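Novice: First the structure, then my questions, so here it is.
The values are calculated or read from the model by the stated rules, or taken from the named source; none is laboratory data. Only a predicted model underlies this, so the values are computations on that prediction, with no experimental measurement involved. Neighbour counts are summed over all protein chains in view; Cβ atoms, including those assigned to glycine, are modelled from backbone coordinates with ideal geometry.
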């Protein structure tokens, strides 16, 4: 009877290491998906401001008075050399970030680094923290970039982040 009992008992079979690694990989992918999903970043398209042609209005008469204009505070001037810029390549073009960084440096920007960016970016974009929005627009105009957006994690909030998805015009 003792030998029959030994035959009926079954041991626990542990899955192979490959199966365990696959389960861990799927769990990590699910966690990454949940952690990174959310709304799209705020996008803005940059277009050069068209100069309004001065159109002569009706000749003012002695009885008409010009309307007082609201005085707007001028926006603080952006000093290119005081703004830090990082350039990232998110394209298959080798050396693109380095070439564009050289171009930005030539325009007076303080480029502190280049690297590759891993992620999905819809088009070449200048990302900015709130205080550097005007600088981002200026950098975009200097380089011919059509898109700017507010910076998001893991981007640094003390500088502009330029992510390239292809050659610039």
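Novice: Looking at segment 45-68, can you tell me whether even one residue there is surrounded by fewer than 17 Cβ atoms within 10 Å (Cβ to Cβ), modelled with pLDDT under 95 and under 15 Å from the mean Cα position of the chain (by Cα)?
Specialist: Of all residues in segment 45-68, those surrounded by fewer than 17 Cβ atoms within 10 Å (Cβ to Cβ) come to 45, 47-68.
When the remaining residues are screened for being modelled with pLDDT under 95, the result is 45, 47-68.
Going one step further and asking which of them are under 15 Å from the mean Cα position of the chain (by Cα), we end up with 45.
Looking for residues that are surrounded by fewer than 17 Cβ atoms within 10 Å (Cβ to Cβ), modelled with pLDDT under 95 and under 15 Å from the mean Cα position of the chain (by Cα), one finds at least one in segment 45-68, hence yes.
Novice: Of the conditions (1) farther than 17 Å from residue 145 by Cα; (2) at pLDDT 90 or above; (3) in contact with a helix residue (DSSP H, G or I) (Cβ under 6 Å, 6 or more places away or on another chain), residue 109 fails just one. Which one is it?
Specialist: (1)
Novice: Could you count how many residues in segment 110-131 are in contact (Cβ under 8 Å) with a residue 40 or more places away in the chain and over 13 Å from the mean Cα position of the chain (by Cα)?
Specialist: Here the count works out to 1.
Novice: Report, ordered by the first and then the second residue, all pairs with beta carbons closer than 9 Å, sequence separation of six or more or different chains, a first member in segment 7-26 that is surrounded by 10 or more Cβ atoms within 10 Å (Cβ to Cβ), and a second member that is modelled with pLDDT under 85.
Specialist: Sorted first by the residue in segment 7-26, then by its partner, the pairs are 20/14; 23/15.
Novice: Taking the conditions exactly as written (over 19 Å from residue 154 (Cβ atoms), loosely packed, with under 10 Cβ neighbours inside 10 Å, modelled with pLDDT of 90 or more and within 29 Å of the chain's Cα centre (by Cα)), does residue 76 satisfy them or not? It would help to see each step written out before you state the result.
Specialist: Values: over 19 Å from residue 154 (Cβ atoms): yes; loosely packed, with under 10 Cβ neighbours inside 10 Å: yes; modelled with pLDDT of 90 or more: no; within 29 Å of the chain's Cα centre (by Cα): yes.
No.
Novice: Sticking with this structure for a sec: Condition test on residue 40, is it under 30 Å from residue 142 (Cα atoms), more than 23 Å from the chain's Cα centre (by Cα), assigned to a loop (DSSP other than H, G, I, E, B) and at pLDDT below 75?
Specialist: On the way: under 30 Å from residue 142 (Cα atoms): yes; more than 23 Å from the chain's Cα centre (by Cα): no; assigned to a loop (DSSP other than H, G, I, E, B): yes; at pLDDT below 75: yes.
Taking the combined requirement at face value, the residue does not satisfy it.
Novice: Could you list, in sequence order, all residues of segment 135-169 that are assigned to a helix (DSSP H, G or I) and touching a strand residue (DSSP E or B) at 6+ places or on another chain (Cβ under 9 Å)? Break it down into steps so the answer makes sense when it comes.
Specialist: So the first thing to find is which residues in segment 135-169 are assigned to a helix (DSSP H, G or I), and the list is 135-143.
Correct list: 135, 136, 137, 139, 140, 143.
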